[in-house]
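Taken together, the values in this text are just the output of simple stated rules run on the coordinates, not laboratory data. Note that this is a predicted model, so its numbers are computed, not measured. Here the Cβ positions follow ideal geometry from the backbone for every residue, glycine too, while neighbour counts run over all protein chains shown.
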Amino acid sequence: MKLRTIAEADLPMIMDWRQEYPESLRTCFELTYAMQYDWFVNIVNNRQANARYWMILDDDVENSFKFPDGTGGFKDDVEIAPGKPIGYGNISNIQWENRHAEIGLLIEQGHLGEGKGIGGVKLLLEQAFCFMNLENIWGECYHCNSIGLDFWKKVSYISTQVDLPARKYYNGEYWPSLYFGISREDWMKALDK
């Protein structure tokens, strides 16, 4: 598995993935392509933003992803990393002065339960701790997102977990959320095992 930068041509695929998990979104509005494009221009493609986003690629797949050309065919002249996109991840809400940030992960439903999520987390934490010089990573998962909640509770190098009440209104009720933290020190210890 590996990471690559998100490209504009990835936006329809990412939007479809995000629509599959409304319980994980921080908005109650259905996403439109205009909203997705605005996110790409103002956040993903803006080096001044306090967030970094990547596609998560499965490079064990023989067929490399090719960008659609809009006519049902594919562009052959676009240089991208080989591998099939299976999700995307981010390090966001970066506070450079305090050296901490939030982690986010979305894996396509067809790849759940294959260990791809933990592979994606390892790659994102490597970016955060080894290349961005961050010290602590935190995350949030709403309890209404049972798949995500089960996943994050099983990540072995999470050093802190706490539930906060009434963090998301979804399907007519308020749901608590799991906040979790991963320190560079705990991540390094887990790598040594």
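Looking at the chain, identify the longest residue range that excludes and avoids all GluC sites (Glu not before Pro) in DSSP loops having at most 16 other Cβ atoms within 10 Å.
Answer from the scan: 136-193.
In the chain, once you exclude exposed chymotrypsin sites (Phe, Trp or Tyr not before Pro) (DSSP loop, at most 11 other Cβ within 10 angstrom), what's the longest stretch remaining?
With chymotrypsin sites (Phe, Trp or Tyr not before Pro) excluded where exposed in loops, the chain gives 97-193 as its longest stretch.
Mind listing the long-range amide H neighbours of K168? Cut-off is under 5 Å, sequence gap 5 or more, other chains count too, H placed in the peptide plane at 1.01 Å from N.
W175
Give me the percent relative contact order of the range 2-192, please, defined on Cα pairs under 8 angstrom at least 6 residues apart.
In percent, rounded to a whole number, it is 17.
Determine, from the Cβ-Cβ distance of K2 and V162 and an R0 of 41 Å, the FRET efficiency 1/(1 + (r/R0)^6), rounded to the nearest 0.05.
For R0 = 41 Å, the calculated efficiency reads 0.80.
May I ask what percent, to the nearest 5, of DSSP beta bridges between residues of the chain are antiparallel?
90 percent
Under 37 °C and 0.692 mPa s, how fast does the range 2-192 diffuse according to Stokes-Einstein, given a Kirkwood radius computed over C-alpha pairs? Answer in µm²/s, whole number.
Approximately 186 µm²/s, per Stokes-Einstein.
To the nearest 20 Debye, how big is the dipole of the chain about its Cα centre, given +1 on the beta carbon of each Lys and Arg and -1 on that of each Asp and Glu?
The dipole magnitude comes to about 500 debye.
For the chain, what are the DSSP H helices with axial Cα length of 20 Å or more and mean Kyte-Doolittle hydropathy of at least -0.5?
Span-like helices in the chain: none at all.
Using helices alone, what [θ] at 222 nm do you get for the chain, with -39,500 (n - 2.57) per DSSP H run of 4 or more residues, divided over all residues and rounded to the nearest 500?
When only DSSP H runs of four or more count, the value is -7000 deg cm²/dmol.
Across the range 2-192, how many lysine pairs separated by 8 or more positions, or lying on different chains, have Cα atoms within less than 15 Å?
Counting lysine pairs in the range 2-192 gives 9.
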